[in-house]
Protein chains: 2
Amino acid sequence: MERWFSLIKSLFEKINLVKIKAKKRKNMRINRNSEVKEVEVTLKGTTGMRKRVLIGPDNGSKNIVMRYFTLSPGGYSERHSHSHEHLVNIEGGKGIVVDKDGNEIEVSEGYSIFVEPDELHQFQNPFEDNFEFICVIPNIDKR
Amino acid sequence: MERWFSLIKSLFEKINLVKIKAKKRKNMRINRNSEVKEVEVTLKGTTGMRKRVLIGPDNGSKNIVMRYFTLSPGGYSERHSHSHEHLVNIEGGKGIVVDKDGNEIEVSEGYSIFVEPDELHQFQNPFEDNFEFICVIPNIDKR
């Protein structure tokens with residue numbers, strides 16, 4: 001009887017160990033971007049802008065967030081500034097980025113942009129096709 | 001005489017003020033990616049891999065670095081792990097990402113990948129075209 005008890009106990013310990021290991025196990029997350037949930041950006045002063053959070057806290061990234069934005073023809077983001085920086089890579093189409101002095105610079109696929117913390121900026125799409133870009137930021141909630 | 005001295009003094013102060021303002025001014029950096037310096041990655045265990053630092057400390061980004069990698073046909077990165085995470089977006093072609101268990105997963109344009117800190121990983125290109133991806137990391141030197 002005692003032998004059975006000891007056997008069952010060790011079995012439970014083994015199962016538990018496997019569970020603990022499974023929890024600690026790190027596994028890369030692979031997204032098909034088009035399948036990541038897309039939401040309309042509803043910020044004041046923003047129109048025609050959709051966002052996908054490709055990589056962020058929800059899938060384990062604690063420090064950095066990678067978002068994918070689509071600006072429809074005629075769309076624009078709010079002209080604003082904030083304490084976090086933007087690392088942008090243009091993924092498709094073309095658009096206008098407005099700097100703090102109001103200069104309008106045309107950018108298209110194959111361009112990248114660094115927007116400093118606290119720098120005024122805006123993205124606009126006055127063209128006929130979607131303007132798509134990745135925008136990377138630090139995890140703001142962690143600051 | 002005293003009037004002239006006061007005038008010159010105020011002029012110098014104005015010039016100085018302009019200089020201080022110019023120094024504090026933040027201005028976005030816009031890159032044409034193809035014009036950013038490209039270097040061969042010479043890490044042990046890596047072959048056929050080229051890197052462009054699109055955005056990093058050299059152009060003012062203190063916390064996050066955005067790199068653009070090109071893996072030639074037959075190329076691969078070292079199978080390794082490190083304490084920083086990877087936020088990857090595939091920009092062109094297709095390739096294989098190997099996870100910690102040795103699983104080989106095919107990825108192509110329109111996929112994104114999150115590699116956890118300390119997770120074993122490798123990128124391979126067994127195909128006929130270049131495999132291109134953005135890989136974002138925290139600024140390691142700041143850790």
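Table for the structure above
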{"item": "Cβ-Cβ under 9 Å pairs, at least 6 apart or on other chains, the range A:26-43 side polar (S, T, N, Q), far side part of a helix (DSSP H, G or I)", "result": "A:ASN31/A:ASN59"}
{"item": "Enumeration of residues in the range A:59-73 that are on the phi < 0 side of the Ramachandran plot and over 10 Å from the mean Cα position of the chain (by Cα)", "result": "A:ASN59, A:LYS62, A:ASN63, A:THR70, A:LEU71, A:SER72, A:PRO73"}
{"item": "Complete set of residues in the range B:36-47 that are among the small types (Gly, Ala, Ser) and either closer than 22 Å to A:GLU85 by Cβ or within 14 Å of another protein chain (Cβ to nearest Cβ) (or both)", "result": "none"}
{"item": "Residue satisfying all of: in the range A:48-105; surrounded by fewer than 18 Cβ atoms within 10 Å (Cβ to Cβ) and of a type in the set (Asp, Glu); nearest to the other protein chains (Cβ to nearest Cβ) among these", "result": "A:ASP101"}
{"item": "Sole exception among (1) under 18 Å from the mean Cα position of the chain (by Cα); (2) part of a loop (DSSP other than H, G, I, E, B); (3) surrounded by 15 or more Cβ atoms within 10 Å (Cβ to Cβ) for B:THR42, by number", "result": "(3)"}
{"item": "Unmet criterion (only one of (1) of a type outside the set (Phe, Trp, Tyr); (2) modelled with pLDDT of 95 or more; (3) more than 20 Å from B:LYS26 (Cβ to Cβ)) for A:ILE96", "result": "(3)"}
{"item": "Number of the condition not met by B:GLU116 [criteria: (1) closer than 22 Å to A:VAL36 by Cα; (2) in contact with a strand residue (DSSP E or B) (Cβ under 7 Å, 6 or more places away or on another chain)]", "result": "(2)"}
{"item": "One residue from B:LYS26, B:LYS51 being among the basic types (Lys, Arg), at pLDDT 95 or above and outside any helix (DSSP H, G or I)", "result": "B:LYS51"}
{"item": "Considering residues of the range A:112-143 that are outside any strand (DSSP E or B) and within 21 Å of A:ARG50 (Cβ to Cβ) only, the residue farthest from the other protein chains (Cβ to nearest Cβ)", "result": "A:GLU128"}
{"item": "Selection within the range A:49-66 - of a type outside the set (Gly, Ala, Ser) and more than 16 Å from A:LEU87 (Cβ to Cβ)", "result": "A:MET49, A:ARG50, A:ARG52, A:PRO57, A:ASP58, A:ASN59, A:LYS62"}
{"item": "Total residues in the range B:121-139, condition surrounded by fewer than 17 Cβ atoms within 10 Å (Cβ to Cβ) and without any contact (Cβ under 8 Å) to a residue 60 or more places away in the chain", "result": "4"}
{"item": "Any hit, the range B:5-14, residues being modelled with pLDDT under 95 and either surrounded by 14 or more Cβ atoms within 10 Å (Cβ to Cβ) or β-branched (Val, Ile, Thr) (or both)", "result": "yes"}
{"item": "Residues within the range B:86-111 that are among the polar types (S, T, N, Q) and outside any strand (DSSP E or B), tallied", "result": "1"}
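The values are calculated or read from the model by the stated rules, or taken from the named source; none is laboratory data. It should be emphasised that the depicted structure is a prediction, and the values quoted were computed from it without experimental measurement. Note that each Cβ is placed from the backbone with ideal geometry, even for glycine, and that neighbours are counted across all protein chains shown.
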